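These notes concern the structure reproduced below.
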Amino acid sequence: MSTDLNAPPALAATSKWIEERTGASAAVKEFGRKIFPAHWSFMLGEVALYSFIVLVLSGTFLTLWFHPAMGETHYEGPWTPLKGVEVSEAYASTLYISFEVRGGLFLRQIHHWAALLFMAALSIHALRIFFTGAYRKPREVNWIVGVGLVAMGMAAGFTGYSLPDDLLSGNGLRIIDGLLKSIPLIGTYLSFFLFGGEFPGTDIVSRLYSVHIMIVPALLIALIGVHLMFVVIHKHTQWPGAGHTEKNVVGEPVLPTFAAKGGGFFFMIFGLLSAMAGLFTINPIWNYGPYDPSPVSAGTQPDWYIGWMDGFLRLLPGWMEFYVFGYPISLNIFPALLAAAVLFGGMVVWPFIEAWISGDRREHHILDRPRNAPTRTALGVAVIIWYCAMWAAASGDLIAVFFHMSLNDMIYVFRTLFFVGPVIGYIVTKRICIGLQRKDREIALHGFESGEIIRLPHGEYQERHKPLDEHERWRLTAFQTPSYVPAQPDARGKVSGAEKARAALSKFFYEDRVEPVTKAELDEAHAAHAVEGHGSTGELEH
């Protein structure tokens, strides 16, 4: 933060005072020189960050008006259908924000839409990182931080939409109560401590309010800070291409280019969310009414990032309950928690599992094209199909109504998709990736089809192939893929069970891979093309 000789004396003195006490100039110079890649896929993280900023700003406004209490009162506001109805103070204050605070409904809706966009951008950003292998060494810890961000985003969404104490949020809390109580041995105690007694308790809204505005945002901000810190330390990964190497980063400096673009992009995101909040109603709690344990609204659905757990519950059969020494063990609900543990636990350990299988301990700064890691890509698609089958099952009742089908038939359809869908997705995706790899190999060696037909002197017709430029050739050939490594004996000459398992997984991952094009193959192909081009003097025929 150097002082400018042309700056006003007051500004120069202020800059000097700050610099002497903080040494901020070094940090600004270091951060300002950071190169940010220009590829569009890196924009997904920005969308999540800017959505989070909108969330914080709109949530701050809402905290000034919301009253997190479950005391009973009678509604006397302008919404006529609920006049005189006994409601909680939390529900009444939410209606007050929606109908009586100037701009209140707009801020409520922009807050909800921003939460959905934040989770969507965060999820797609995580998928981009997975399919391109950006989580590999040295970025494993940052990948785990990202998984934590997804989990905290779900926690923020759940605690947020539970606050109005309307019928929809109350039913959602009832499901959470059932999930907690399904945990063997400790479930009833966990439910008691969360709700402060029997469901729904007397102060669950105030408890969730504290979590929603203090604990979860603090964790989100901390995780975002750690995530950005690792991005600065490790630098950004790069897509393969001419000029993109492990040490040569192609992009734009943060100051001033990227900062200016980022500021404009933030206002574009803010404008999009404002338009959505102004044009599309979301979570109309006045239609649901206050929470009452007796009715359940028809056609209501949880937010999409929570719905997959609801769908999993719908797919479970109803006979998985038994007793152990007189204690009931119900697996009708508890497996939903197991599914979440499998999903998030698998995401956390995946970078280390892949490194163990491949034996690759190198640092990686160049991204993989998904087709060049066919097994990883196929497994990712299989998990997406598994997730989407559960997500769609949460709307099985609505699908049955709209398509005039039996609800039981829909359950069987989604159960079939739950097991068969990932297998089909894996097989199809892997064959497509391998086919694309073979096509890339052919194009790299022989060029691309020009559509021009030539006739050679001896009468043979051939299609003329045009060579690739440097950038395209680099993009198709500049990648490395691990090969199958058989089980290796240890120092005592024995092959351990863990090593046999690693070898089996290595065979599964890499046995049918397509070998990358080597420099010798490229040189041989170019020499052959030169000879063919010199001898091809025949007449051009179209």
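The values are calculated or read from the model by the stated rules, or taken from the named source; none is laboratory data. Computed from a prediction, not measured in an experiment: that's the story for all the values here. With ideal geometry, Cβ positions are generated from the backbone for all residues, glycine too; neighbour counts draw on all protein chains shown. Surface areas here come from the heavy atoms of the whole protein model, side chains and all, with no ligands, DNA or RNA. Shrake-Rupley method; radii C 1.70, N 1.55, O 1.52, S 1.80 Å.
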Net charge, GLU46 excluded, C-beta distance under 15 Å - Lys, Arg +1, Asp, Glu -1
+2
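In segment 358-465, which chymotrypsin sites (Phe, Trp or Tyr not before Pro) fall in coil by DSSP and have 14 or fewer other Cβ atoms within 10 Å?
Loop-located and lightly packed - PHE403.
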Using a simple charge model, +1 on the beta-carbon of Lys and Arg, -1 on the beta-carbon of Asp and Glu, nothing else, what dipole does the chain show about its Cα centre, in debye to the nearest 20?
1120 debye
When every protein chain stays in place and a 1.4 Å probe is rolled, THR257, THR80 sorted by accessible area with the largest first are THR80, THR257
The equivalent-ellipsoid semi-axes of segment 364-407, taken as the square roots of five times the Cα gyration tensor eigenvalues and listed largest first in whole Å, are 36, 9, 8
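Does segment 56-211 come out rounded, prolate or oblate, given a ≥ b ≥ c as the square roots of the eigenvalues of its C-alpha gyration tensor, rounded meaning a/c under 1.5 and, failing that, prolate meaning a/b above b/c?
Oblate is the answer for segment 56-211, as a/c is 1.5 or above yet b/c matches or exceeds a/b.
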Give the angle, between 0 and 90 degrees and rounded to the nearest 10, that separates the Cα long axis of helix 335-358 from the longest principal axis of the Cα atoms of the chain.
30 degrees
Could you point to the residue in PRO516, ILE329, GLY148 farthest towards the positive end of the chain's charge dipole, with +1 and -1 charges on the Cβ of Lys/Arg and Asp/Glu respectively?
PRO516
For segment 320-430, report the % of Cα-Cα distances exceeding 24 Å.
46 percent
Any aspartates and glutamates with Cα under 12 Å of the LYS181 Cα? List them, leaving off those in the same chain fewer than 8 positions away.
GLU198
Using bins 10 angstrom wide from zero, how does P(r) for segment 177-295 break down, in % of all Cα pairs?
10, 17, 26, 20, 17, 10, 1
Report the accessible area of ARG473, computed with a 1.4 Å probe over the heavy atoms of all protein chains in place, in Å² rounded to the nearest 10.
70 Å²
Amide H contacts of VAL85 (H built 1.01 Å from N, under 5 Å, at least 5 apart or other chain)
TYR75
As a test of the formula, what do you get for the chain when each DSSP H run with n ≥ 4 contributes -39,500 (n - 2.57) and the sum is divided by the residue count, at 222 nm and rounded to the nearest 500 deg cm²/dmol?
-20000 deg cm²/dmol
Net charge of Cβ neighbours under 15 Å - reference LYS519; Lys, Arg +1; Asp, Glu -1:
-3
Let me make sure I get this right: for segment 375-492, a, b and c are the square roots of the gyration tensor eigenvalues over alpha carbons, sorted descending. Under 1.5 in a/c it's rounded, otherwise prolate if a/b > b/c, else oblate. Which is it?
oblate
Extreme residue, positive dipole direction of segment 341-459, given options PHE403, ALA378, ALA393 (C-beta unit charges):
ALA378
On C-alpha positions alone, give me the angle between the axis of helix 89-99 and the longest principal axis of the chain, in degrees, nearest 10.
70 degrees
Per residue, in Å², the accessible surface of the chain once ligands and nucleic acids are set aside, probe 1.4 Å:
54 Å²
Given the chain, what percent of its DSSP beta bridges are antiparallel, to the nearest 5?
95 percent
Return the aspartates and glutamates within reach of LYS430: Cα separation strictly under 20 angstrom, same-chain partners fewer than 8 residues apart disregarded; answer none if there are no such residues.
GLU354, ASP368, ASP440, GLU442, GLU511, ASP512, GLU515
Any idea which of MET43, SER210, LEU255 is furthest toward the positive side of the dipole for the chain, if Lys and Arg beta-carbons carry +1 and Asp and Glu beta-carbons -1?
LEU255
Taking a probe of 1.4 angstrom, what is the accessible area of ASP303 in Å², to the nearest 10?
30 Å²
Provide, in order from the shortest bin, the percent of all Cα-Cα pairs of the chain in each 10 Å bin, continuing until the bin that contains the maximum pair distance.
3, 13, 20, 22, 18, 13, 7, 3, 1, 0
Leaving out ligands, DNA and RNA but keeping every protein chain, what accessible area does ARG502 have, in Å² rounded to the nearest 10, with a 1.4 Å probe?
20 Å²
Which of TRP65, TRP17, TRP319 is most accessible, then next, and so on - probe 1.4 Å
TRP319, TRP17, TRP65
Sorted by accessible surface (1.4 Å probe, heavy atoms of the protein chains only), largest first, ASP512, ASP177 come out as ASP512, ASP177
If we count every other residue with Cβ under 15 angstrom of VAL226's Cβ, Lys/Arg +1 and Asp/Glu -1, where does the sum land?
0
